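Student: One structure, pasted below without further comment.
The values are calculated or read from the model by the stated rules, or taken from the named source; none is laboratory data. Here the structure is a predicted model, which means the values were calculated and not measured. Cβ atoms come from the backbone with ideal geometry, glycine included; neighbour counts cover every protein chain shown.
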Amino acid sequence: MSRTLILTAGYGEGHNAAARALAGGIRSLGGEADVRDILLEAYGHKQETARRLYLQCIDRAPLLWAAIYRAMEFRPLAWATMRSLWPAEKRLREVISESKPDAVVSVYPAYGHILDRLYPNGAPFRETTIITDSISINSVWYTKGTGSYVVANDATAAVVRRRRPNARVEALGFPVGSVFADSRPARKQPGNGEPMRVLFMVNHAKGGTAAIVRDLLEVPGIALTVTVGRDAALGRELSEVAARCGRELNILGWVNNMPELLMSHHVLIGKAGGAATQESLAAHTPMLITQIVPGQEAGNAQLVIENECGAFTPDRGTILETIASLSANDFALWNKWASSAAKIGRPDSARSVARYILQS
């Protein structure tokens, strides 16, 4: 039985979501898969602090994060940063020695550089990096020297091939849960008594959420679901908003069934994260993008907007205007966007990537 080690990191949910989905795809094909966050194992609470600081930075100081992101394009700085990760290098060496994998897959860029240092003459296993961003790719992803790359789409593959012309690059999709391919529910088109079901996925930047929810609840003909994560206080605030409006509101905390929610709703409102973007496309669900983290999420938004699968709606006004546009003319725009998402979404991507990993 082929054994695959999948390396992830908790900076945002996209890396972890891709790792979990790929592991599921590998297991469904008869392989073994072990998902490990080596940075967390090596640094413990320090890594948790770093993760929180990252999230705070992208929410409260996006211009600062944009500067940091651009700085990482400077190759000497990127290499110096990666060389400082010696505790993670030590821990990864131990994990590989213990597990003896046939393949190692990285869904976070630091691991490719660490593996280059561990195996300067070539690794004794198949090595693949899954780039979880689209189109706007920081060079830190592909300045490593070995292994192949898997990317989400042809546009991203063209970017990587242009910068690494000798690299093996496969456009097999961002791994999403196989439930998108195997258990797609019948979703009625909105209209004729069927409400337009809107899923509002609140991100870390929660300012203005209550006002947006109040405005949406005043729109006739929609059914609103809001995910608030672990923020119980926000959930209580939104319950009070719904009570004052006299409208029903479905409030969810931390959810483990996001694919089912996406496939049963007609519209997603949320930030342009890698997992959210690719899962909305796999669900054929148009996306209203409320936030774009400078750098890594710009390409995700570009993918959605240029392929007419959604729009950038950074404030209350544009959200309401776009919701109204989607429902006009017997939901003509919604039908167009949903059809476009179906053309570029890859609901079976986890198994496609898993086959490549197992058969390489």
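Student: Considering each of T225, T143, T156 in turn, give the residue that is touching a Leu at 6+ places or on another chain (Cβ under 8 Å) and either outside any helix (DSSP H, G or I) or not assigned by TED's automatic domain parsing to the domain that holds I269 (or both).
Tutor: T225
Student: Is there a residue in the stretch 308-315 that is over 18 Å from the mean Cα position of the chain (by Cα), over 30 Å from D102 (Cα atoms) and among the hydroxyl-bearing types (S, T, Y)?
Tutor: Among the residues of the stretch 308-315, at least one is over 18 Å from the mean Cα position of the chain (by Cα), over 30 Å from D102 (Cα atoms) and among the hydroxyl-bearing types (S, T, Y), which makes the answer yes.
Student: Within the stretch 4-18, track down each residue that is buried (at least 24 other Cβ atoms within 10 Å of the Cβ) and of a type in the set (S, T, N, Q).
Tutor: Selection gives T4, T8.
Student: What do you reckon, is D102 over 29 Å from P294 (Cα atoms) and among the charged types (D, E, K, R)?
Tutor: Yes: the conditions hold for D102.
Student: Conditions: (1) in the same structural domain as G246 (by TED's automatic domain parsing); (2) surrounded by fewer than 18 Cβ atoms within 10 Å (Cβ to Cβ); (3) of a type in the set (S, T, N, Q). N166 meets all but one. Number of the miss?
Tutor: (1)
Student: Among the residues of the stretch 291-320, count how many are at pLDDT 95 or above and touching a strand residue (DSSP E or B) at 6+ places or on another chain (Cβ under 9 Å).
Tutor: Number of matching residues: 11.
Student: As an exercise: evaluate R184 against (1) part of a loop (DSSP other than H, G, I, E, B); (2) under 30 Å from Y54 (Cβ atoms); (3) of a type outside the set (A, V, I, L, M, F, W, C) and give the number of the one condition it does not meet.
Tutor: All conditions pass for R184, except number (2).
Student: Pairs, please: C-beta under 7 Å, at least 6 apart or cross-chain, first residue more than 11 Å from G253 (Cα to Cα) and free of Cβ contacts under 8 Å to residues at least 24 places away in the same chain and in the stretch 219-239, second of a type in the set (A, V, I, L, M) and buried (at least 16 other Cβ atoms within 10 Å of the Cβ)?
Tutor: Qualifying pairs under 7 Å: S239/I251.
Student: Still on this structure: Here are some residues: G246, G173. Which one is on the phi > 0 side of the Ramachandran plot and at pLDDT 95 or above?
Tutor: G173 is the lone residue from the list that is on the phi > 0 side of the Ramachandran plot and at pLDDT 95 or above.
Student: Search the stretch 187-201 for residues being touching a residue at least 40 places away in the same chain (Cβ under 8 Å) and assigned to a loop (DSSP other than H, G, I, E, B), and hand back the single one that is nearest to I131 (Cα to Cα).
Tutor: My answer is R187.
Student: Let me ask something else. Output the residue which, of all residues in the stretch 86-115 that are in contact (Cβ under 8 Å) with a residue 12 or more places away in the chain and of a type in the set (F, W, Y), is farthest from W141 (Cα to Cα).
Tutor: Y111
One line per residue, one yes/no per condition, for (1) surrounded by fewer than 22 Cβ atoms within 10 Å (Cβ to Cβ); (2) among the polar types (S, T, N, Q):
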{"residue": "E279", "(1), (2)": "no, no"}
{"residue": "G299", "(1), (2)": "no, no"}
{"residue": "V304", "(1), (2)": "no, no"}
{"residue": "A311", "(1), (2)": "yes, no"}
{"residue": "A328", "(1), (2)": "yes, no"}
{"residue": "S340", "(1), (2)": "yes, yes"}
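Student: Still on this structure: Considering only the stretch 335-360, how many residues are assigned to a loop (DSSP other than H, G, I, E, B) and among the polar types (S, T, N, Q)?
Tutor: 1
Student: How do the pairs read when you match residues in the stretch 150-173 that are in contact (Cβ under 8 Å) with a residue 24 or more places away in the chain with residues anywhere that are outside any helix (DSSP H, G or I) and charged (D, E, K, R), using Cβ under 7 Å and keeping only pairs 6 or more apart or on different chains?
Tutor: Cβ pairs passing all conditions: V150/E170; G173/R346.
Student: Taking G208 as the residue in question, decide whether it is in contact (Cβ under 8 Å) with a residue 60 or more places away in the chain, more than 16 Å from the chain's Cα centre (by Cα) and surrounded by fewer than 17 Cβ atoms within 10 Å (Cβ to Cβ).
Tutor: So G208 passes the test.
Student: Separate question: Can you tell me which residues in the stretch 137-161 are charged (D, E, K, R) and under 19 Å from R351 (Cα atoms)?
Tutor: Scanning the stretch 137-161 gives a single hit, D154.
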